[in-house]
1. Taking residue 535 as meeting all but one of (1) at pLDDT below 80; (2) touching a strand residue (DSSP E or B) at 6+ places or on another chain (Cβ under 9 Å); (3) more than 22 Å from residue 444 (Cβ to Cβ), write down the number of the exception.
2. What's the number of the condition residue 467 fails, among (1) part of a helix (DSSP H, G or I); (2) without any contact (Cβ under 8 Å) to a residue 12 or more places away in the chain; (3) under 28 Å from the mean Cα position of the chain (by Cα)?
3. Surrounded by 18 or more Cβ atoms within 10 Å (Cβ to Cβ) and either at pLDDT 85 or above or in a loop (DSSP other than H, G, I, E, B) (or both): which single residue out of 415, 377 fits that description?
4. Contact list please: Cβ distance under 8 Å, first residue in region 231-259 and assigned by TED's automatic domain parsing to the domain that holds residue 438, second residue part of a helix (DSSP H, G or I), pairs at least six apart or on different chains.
5. Considering only residues that are within 20 Å of residue 369 (Cβ to Cβ), in contact with a strand residue (DSSP E or B) (Cβ under 6 Å, 6 or more places away or on another chain) and buried (at least 19 other Cβ atoms within 10 Å of the Cβ), which ones fall in region 384-411?
6. Residue by residue through region 483-508, note down the ones that are surrounded by 21 or more Cβ atoms within 10 Å (Cβ to Cβ) and at pLDDT 85 or above.
7. For residue 567, state whether it is touching a helix residue (DSSP H, G or I) at 6+ places or on another chain (Cβ under 8 Å), in the same structural domain as residue 402 (by TED's automatic domain parsing) and part of a loop (DSSP other than H, G, I, E, B).
8. Do you know which residues across region 571-593 are under 28 Å from residue 380 (Cβ atoms) and either assigned to a strand (DSSP E or B) or outside the structural domain of residue 368 (by TED's automatic domain parsing) (or both)?
């Protein structure tokens, strides 16, 4: 009899949860990010060309200033001066075009790479089984999926480009500075306030788009948070692929908003560059006429000031970007930690050990000497040497005090966990040899706390069977006694239920969950306090619906109210993870002191005989 080693899920993110302890170097960060950048090498190359082109044009402007001064101002010819100014403006125009291309391409690349990275992380997260989320906070995971990736977008799309450009400008300006001198700097600084005005005015539009972009990112995080919160429901209904596609659509929407933002920001930068160098050209025109009149010295001073400003700006930019690059290294490490976490229970089983369920499977479930402890509580046994058979097409009720192991058996059957000892079989086949998707398609679960999604009624009922027709959905709702209250909602079946079904009462949520299970039409039905949130009248109707649904299906029922399971084919009494008795209600009253005590507490309070 095969056993499975205890899942090692306590440590996948242990290193990354220590805040501020990044050990990844800048080179390692770029190596990790390269796998996401590589598909867009053409864009990266074009951005590099635009970067070098822009740097070259910027440095050439200094020489344009020299020509302007020496051949325009000093020659004393207004016509020659005009020609030199035109050359300078042409260079400025080329630089503006190159800067627009560089900024747009690099920003596009940053947004695109981060969109792919978000999808890769989310696609991996939904395949991790619930034990991972026991030992890792959902808020921390969401921070990595949204905040860290947003930081990387800024680094890839802006800061890294600025650092490279500033490095090129610093080296080039330093070399050319040797050929020039100083003085027109004050004239250039006078034009700075004139450039700030359009930044303030036009920048408001950019900020609005930036806010819209952040809102779209928030929507992405909200969607992912909901899926992570309901990960058991997603996996139980084998909806991982659907959620990957749906999340991809959310990410693409955020990308389109961001694309509009970076286009406007690119235009703003290009406009500022044109204005700035237009102002510089105008100031040089004024200064040149002063020089012609004999009130100014040689034109080399103008080029000197130009290159000095470039150097100062480059140093300031590099110092600003350096800290952001350090933050990016830590963010990359945390995201890589997430991507490297391996699922202890893979979605697909190795073909070498896979066994196919027969087409005429009867859905007989057997627990054979099962031993299990939760990963978060390895020293506390939840199930101890349990042997239990659920015959095909029969119903088994699980009763016992809280902590007896009832819900644990349902989680083991869905293979959210594997037992550390013994095995669980479906029609004689070990669950570990069945593809988890194939296994979970045989099951439908109605949990004690129903999981509803922020969507309409159609979507929530169809969750386990997306191809169901409207008529089948309505029939399932009628069977669950939900049709009447659904019709009373503002938009009927088109009504959105709010986050986690906040617009419904507890009983209404429960009936929608039952309708979802009815629609799935499973071979095995798992009911975990399925009627606990219903009033007496609703419970009566739903019990009738469940009796019809349970016919011909293997059903496992967890119920604290014994009155709801009196008609079960068999009742198993659990205590501290062990099976202490099994039989019909009347038999258990005679042979099980624990069951008799539970029955006395409930039935005597209700005034009914045992």
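1. (2)
2. (1) is the only condition that residue 467 fails.
3. Values: 377 fails: surrounded by 18 or more Cβ atoms within 10 Å (Cβ to Cβ).
Only one candidate qualifies: 415.
4. Every condition considered, no pair remains.
5. 386, 388, 390, 396, 398, 400, 404, 405, 406, 408, 410, listed by residue number.
6. Within region 483-508, 486 is the sole residue that qualifies.
7. On the way: touching a helix residue (DSSP H, G or I) at 6+ places or on another chain (Cβ under 8 Å): yes; in the same structural domain as residue 402 (by TED's automatic domain parsing): yes; part of a loop (DSSP other than H, G, I, E, B): yes.
Considered against the rule, which asks whether it is touching a helix residue (DSSP H, G or I) at 6+ places or on another chain (Cβ under 8 Å), in the same structural domain as residue 402 (by TED's automatic domain parsing) and part of a loop (DSSP other than H, G, I, E, B), residue 567 comes out as yes.
8. Those that are under 28 Å from residue 380 (Cβ atoms) and either assigned to a strand (DSSP E or B) or outside the structural domain of residue 368 (by TED's automatic domain parsing) (or both): 571, 572, 573, 574, 575, 578, 579, 580, 581, 582.
The values are calculated or read from the model by the stated rules, or taken from the named source; none is laboratory data. Since this is a predicted model, take the numbers as computed values, not measurements. All Cβ positions, glycine included, derive from the backbone under ideal geometry; neighbour counts span all protein chains shown.
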